[in-house]
Amino acid sequence: MTGSTGVLFVVATPIGNLGDLGTRARDTLAAVDAIAAEDTRRTGQLLSRLGLSVPLISLHEHNETARLRPLLARLAAGGSLALVSDAGTPLISDPGYLLVRAALQAGHRVSPIPGACAAIAALSVAGLPTDRFIFEGFLPTRQAARRARLETLAPETRTLVFYEAIHRLAETLADLVTCLGAAREATLARELTKLHEQVLHGSLAELAAAAGAGEVPVRGECVLVVAGAAAVAAEEHEARRVLALVAAQLPPREAVRLTAAITGARPNRLRRWVQGAPGDDRGTDEE
Ligand code: SAM
């Protein structure tokens, strides 16, 4: 700790509707010595709509490392800074992590001014379990990598939240159907808080069909919220995965025994599955 008085405020800004900017956020932006902004032009427009004039310093994913030293120097001199991104909460699929970490390591106070976040807004209207969820951010843009990521997420029982570019929505929904199953419940939240807000609920197959039928304009921004796997399905997925690995190395009888011990799955079920498991060329084992 340095004992400096510099404070970094992490300030959420609206995701579309200026009315969502709270009084504390406005007061903080008005009071700080400078604002580190992902896009100074865009934040400049926000400030002018708020009637504010505050020095802006650009801080985006390509210059964040280089900006650390001068920003930390301002904090060390006792200055106050606000960090904002283009929309929503900084660091949530947005720059700022390196600055927050460096400020903490240098002993400065880092204080949140919470507000809009598209993931949370979408989750709040999805009608899916919210007691536990995982935020997956953006999926890989290449299909093979995207499918591989979705395969690993298939047994996940918590509600899943994805950001997606609207022009990739149709292909991502098709991959979700392939990897997670057509029947999974999901919500597509597009243009939240804006004039053309659209929230669609349905199975993944229904959402994919809606996107394919042009019911979802290829405009704006969207979040996908997808129900987690049923617990039973997740356990079966895990048991099958372990069985496939073990059966590739051991005779069926041993593979069934070991997989049952590892996963707790019933040996009878494993015995039925082992017939199709890779590496098994002896047929079903007898107990
Ligand atoms: N930091 C932001 C937040 O707190 O939500 C997210 C920034 S990330 C670069 C941008 C993505 O957020 C978009 O591609 C979209 O997936 C989602 N998003 C942002 N605004 C949105 C809105 N009004 N409606 C739906 N999704 C939105």
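Remarks
- Taking Lys and Arg as +1 and Asp and Glu as -1, the other residues whose beta-carbon sits under 13 Å from that of L176 total -3.
- Computed from the C-beta positions of T152 and Q105, the FRET efficiency with R₀ = 35 Å rounds to 0.65.
- Taking amide hydrogens as placed 1.01 Å from N in the peptide plane, the amide H of F9 sits under 5 Å from those of L81, A82, L83, S111, each at least 5 positions away in sequence or on another chain.
- Under 5 Å between amide hydrogens, built in the peptide plane, is the criterion, and for T157 it picks out A229 among residues at least 5 positions away or on other chains.
- Taken along the Cα-to-beta-carbon direction at a fixed 7 Å, the label points for R253 and A31 span 7.5 nm.
- Accessible-area composition of region 7-116, carbon plus sulfur, in percent [1.4 Å probe]: 50 percent
- Considering only the chain, percent of DSSP beta bridges that pair antiparallel, nearest 5: 45 percent
- Label separation (Q143 vs T130): 3.5 nm, computed from points 7 Å beyond Cα along the C-beta direction.
- Among the GluC sites (Glu not before Pro) in region 13-70, those located in a DSSP loop and surrounded by at most 12 other Cβ atoms within 10 Å of their own Cβ are E61.
- Amide hydrogen neighbours beyond the local backbone of V54, cut-off 5 Å, H modeled: none
- Separation in nanometres of the label points that stand 7 Å from Cα toward Cβ, at N63 and T23: 3.5 nm
- Helical mean residue ellipticity (222 nm; -39500 (n - 2.57) per DSSP H run of 4+; nearest 500) of the chain: -12500 deg cm²/dmol
- Given +1 at the Cβ of Lys and Arg, -1 at the Cβ of Asp and Glu and no other charges, the dipole of region 144-206 around its Cα centre is 140 debye to the nearest 20.
- Backbone HN-Hα couplings from phi across region 128-140 [Karplus 6.51/-1.76/1.60, Hz, Gly and Pro as x]: 10, x, 10, 5, 9, 8, 10, 9, 9, x, 7, 6, x
- Whether the chain is rounded, prolate or oblate, judged on the alpha carbon gyration tensor where a/c under 1.5 counts as rounded: prolate
- Rounded tilt (10° steps) of 169-180 against the dominant C-alpha axis of the chain: 40 degrees
- Folded to 0 to 90 degrees: helix 40-49 orientation relative to the chain principal axis, Cα: 60 degrees
- Charge-dipole axis of region 124-265 as Lys and Arg at +1 and Asp and Glu at -1 on Cβ define it, positive-most pick from I262, V161, G228: I262
- Sites S53 and T5 - FRET efficiency at Förster radius 22 Å, r taken between beta-carbons, to 0.05: 0.40
- Charge dipole (debye, nearest 20) of the chain; +1 at Cβ of Lys and Arg, -1 at Cβ of Asp and Glu: 540 debye
- Selected from V10, A210, L71, residue furthest toward positive end of dipole (the chain; charges at beta carbon): L71
- Rounded to whole numbers, the Karplus 3J(HN,Hα) couplings from phi for region 206-217 are 5, 5, 5, 5, 4, 5, x, 8, x, 7, 10, x Hz, using 6.51 cos²θ - 1.76 cosθ + 1.60 with θ = phi - 60°, and x at Gly and Pro.
- Whole-Hz couplings from phi, Karplus 6.51/-1.76/1.60, listed for region 259-268; x for Gly and Pro: 5, 4, 5, 6, 9, x, 6, 6, x, 4
- Each Lys and Arg adds +1 at its Cβ and each Asp and Glu adds -1 at its Cβ; summed about the Cα centre, region 231-275 shows a dipole of about 200 debye.
The values are calculated or read from the model by the stated rules, or taken from the named source; none is laboratory data. As the structure is a prediction and not an experimental result, all values here were calculated from the model. Cβ sites come from the backbone with ideal geometry, for glycine too, and all protein chains shown count toward neighbours. Protein only, heavy atoms only, side chains kept; ligands, DNA and RNA dropped before computing areas. Shrake-Rupley method; radii C 1.70, N 1.55, O 1.52, S 1.80 Å.
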